[in-house]
Amino acid sequence: MKSFQAMLEFLLMDGALLIGLFFGITWMVVFLQQLGVGGALNARLSGLGRWRGAAMASVGGLVTPFCSCSTVPVLTGMLRADIRLSTSFAFLIASPVINEGVIALLLGKSGLMLALVYVGVAGFVTTLAGVLIETMGMARHLRPLSVAAASGALMVDAPGGMQRSSTLVAVRVAARLALVELRQVAPYLAIGLLIGSLIYGLVPDAMLLQLSTSMPEAWLVVVAALIGIPMYISPITVIPIGYALLAKGFPVGPLIAFLIAAAGTSVPEMILLFRIFKWQLVAAHVAVVTLSAVVLGYVIGALWPMIG
């Protein structure tokens, strides 16, 4: 009964949150494109090399408090604007992995130094991941994207030719195109939410605490990351979950690995990514998030006794 209630709460609460975030962020991307802001930013990002572009994307991920699913509209816009894969992939990873909830948790429990270490290591890992993914030729595993929802009606005709949309027109067009995009992803989102609710309802909170008493911490970091991968945790819920598990004696290294993995990807996001990635890139995304979570879990766990 409790599992069914948890599944229902996930479908209703998190489903509404994801739909709202997806629509809102898609609207924002299209709106900025119409006002010319998106075009200028895309042109700047497109002109950067692999390392600089990936590094800037990681910084962008730091300042954008997106969950794993809500990065997909931004990623789609970047790819449609022909921004190179190293930059786009680095943002996809960095936005949820450099997690504001984890930063707040470390600031509250340890202080500034460990939070800065976390940001620095996470930024390096996500930048490196973006560069390696492009260097390995993974761009061949991108699916062709329809441009209708991203570029259709982004400009309006005027006597002098094509002009930027007025603010009012931009608001209306962005809303219409965001709704088109939401309708296109609705089947993927529905399937992802259903599977996510099953996982959420069947994985009890006590599982992590039980595991912490049955295996060495070094192994628990990896196991916690693997448990977190299919789950969905928004940046907002990272803080209360983190505080609750720490208060119950859960080790900080495995906790960080779990929170980053759960915030960094999820079943709903994986299914959404299949619209734009072939399975090889989806698998690479999951592998990078898992590795990032494990690395950061080990780093924070090792430094916690000295700095925390």
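The values are calculated or read from the model by the stated rules, or taken from the named source; none is laboratory data. Computed from a predicted structure; not experimentally measured. Every residue, glycine as well, gets a Cβ built from its backbone with ideal geometry; the counts of neighbours run over all protein chains shown. Accessible surface areas use protein heavy atoms only, side chains included; no ligands, DNA or RNA. Shrake-Rupley method; radii C 1.70, N 1.55, O 1.52, S 1.80 Å.
Taking all protein chains as shown and a probe of 1.4 angstrom, Leu209 keeps an accessible surface of around 40 Å². Between Trp51 and Phe124, the simple label model (points 7 Å from Cα in the Cβ direction) yields a spacing of 1.4 nm. Of the peptides 289-296, 277-284, the order by per-residue mean of other Cβ atoms within 10 Å, starting with the highest, comes out as 289-296, 277-284.
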